[in-house]
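Everything on this sheet refers to the single structure shown next.
The values are calculated or read from the model by the stated rules, or taken from the named source; none is laboratory data. Because the structure is a prediction, the values reported are computed rather than measured. Here the Cβ is made from the backbone with ideal geometry for all residues, glycine too, and neighbour counts use every protein chain on show. Note: accessible area is taken over every heavy atom of the protein model, side chains too, but ligands, DNA and RNA are not part of it. Shrake-Rupley method; radii C 1.70, N 1.55, O 1.52, S 1.80 Å.
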Amino acid sequence: MKDLLKNILIALLTLEAKAVVRKYKPRIVAVTGSVGKTSTKDAIFEVVKVGTSARKSQKSFNSELGLPLTILGRPNAWNNPLGWLQNLVDGLFLMLFTSPYPKWLVLEVGADRPGDIQSVAKWLPVDVAVITRLPEVPVHVEFFNSPQEVVEEKAALIDALTPEGTLVLYADDERADDMRRRAVGKHIVTFGFNEEVNVRAADFEIVYEVGVAHAPIGIKAKIQVEGLSVPVTVLGTAGAHTLLPALASVAVGRALGKDIVDSIHALGTYLPPPGRLHLLRGVNDTTIIDD
């Protein structure tokens with residue numbers, strides 16, 4: 001009975017989310033992948049929100065329940081039936097009446113089981129699809145027949161692109177060529193560390209606390225794009241791979257026609273989420289890495 005009620009709730013919220021997207025026609029950036037979705041979504045939001053109204057998925061709100069809740073701008077009511085009823089009423093209000101609504105949505109799209117993203121791609125019109133790293137053995141592989149099936153499910157987000165849409169792709173991945181072939185006819189912007197990508201990071205350095213040589217507080221590098229080389233600093237984290245969200249956000253900015261320097265400047269307000277090589281100062285001059 002509990003599962004039945006949950007499925008009915010998801011169906012109703014998804015129906016409302018579809019109607020809201022059709023009515024308000026927000027431009028949509030959708031992020032998927034197996035590594036770094038949440039941090040990438042957060043970094044992209046900092047770039048997209050400049051000069052406009054925007055909403056992003058909270059935390060890793062990327063499930064079949066989290067996605068419609070983000071579109072409707074409603075919270076997770078957990079085990080509160082009245083809270084879920086209120087969410088449905090508020091969604092109905094958005095459908096029937098005209099209310100202020102964001103111009104942009106930055107959505108995280110996950111795939112726990114086969115068909116999750118394929119079903120979303122049928123109704124979600126995506127302006128920019130971002131695919132982060134897809135490692136050899138992705139997460140949530142236990143519900144799929146093979147790691148390749150997980151990759152195929154993630155790649156289904158490409159099918160949600162509008163005719164003028166752009167694929168922003170982590171091009172250092174060994175499966176990047178397969179993604180390119182699936183996106184034939186679409187504009188593609190690549191990011192990564194190799195020299196052939198459109199948005200690249202190089203010259204990495206650890207940033208230390210002023211006056212404390214053994215206390216790392218972040219990482220800096222140069223982002224190279226279109227002949228420009230612009231320094232960027234991301235505090236609170238370490239490791240070259242933690243710059244990938246910044247690269248993805250600049251790539252999205254490039255796809256949207258934003259000035260590269262402005263996009264990098266917007267990252268000044270980006271803070272990596274906890275639990276991702278997050279640097280913390282400990283007692284007795286120690287550094288804690290929360291991963």
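Here are the numbers for this structure:
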| item | result |
| --- | --- |
| Heavy-atom accessible area ranking, 1.4 Å probe, most first, across Trp123, Trp104 | Trp123, Trp104 |
| Label point distance in nm, Leu92-Met1, each placed 7 Å from Cα along Cα→Cβ | 2.3 |
| Per residue value of the accessible surface for the chain (all protein chains in place, 1.4 Å probe), Å² | 49 |
| Selection from Phe144, Pro163, Leu92, by position along the positive dipole direction of segment 48-169 (Cβ) | Leu92 |
| Accessible surface of segment 90-224 [probe 1.4 Å, protein heavy atoms]: carbon and sulfur percent | 52 |
| Vicinal HN-Hα couplings computed from phi for segment 105-116 (Karplus, 6.51 cos²θ - 1.76 cosθ + 1.60; Hz; Gly/Pro x) | 10, 10, 10, 9, 10, x, 9, 7, 9, x, x, 4 |
| Global geometry of segment 7-138, whether rounded, prolate or oblate, following the gyration tensor of its Cα atoms and the 1.5 cut on a/c | oblate |
| Nearest 10 degrees, 0 to 90: helix 2-24 Cα axis against the chain principal axis | 80 |
| Area of Tyr101 that stays accessible when all protein chains are in place (1.4 Å probe, Å², to 10) | 30 |
| Given charges at beta-carbon only (K, R positive; D, E negative), |dipole| of the chain in Debye | 1140 |
| For peptides 272-279, 164-171, sequence by mean Cβ density within 10 Å, most packed first | 164-171, 272-279 |
| Shape category assigned to segment 1-59 from the gyration tensor of Cα positions, a/c cut at 1.5 | oblate |
| Gain upon complete extension [Glu142, Ile8; 0.36 nm per residue less C-alpha separation] | 45.7 nm |
| FRET efficiency, 1/(1 + (r/R0)^6) with R0 22 Å, evaluated for Ala202 and Asp178 via beta carbons | 0.25 |
| Highest-first arrangement of 77-85, 33-41, 7-15, where packing means the average Cβ count within 10 Å | 33-41, 7-15, 77-85 |
| Diffusion constant of segment 59-116 at 4 °C, which comes from Stokes-Einstein with the Kirkwood Cα-pair radius and 1.567 mPa s, µm²/s | 103 |
| Charge-dipole axis of the chain as Lys and Arg at +1 and Asp and Glu at -1 on Cβ define it, positive-most pick from Pro114, Trp104, Phe193 | Trp104 |
| More than 31 Å apart - percent of Cα-Cα pairs taken over the chain | 30 |
| Global geometry of segment 147-280, whether rounded, prolate or oblate, following the gyration tensor of its Cα atoms and the 1.5 cut on a/c | prolate |
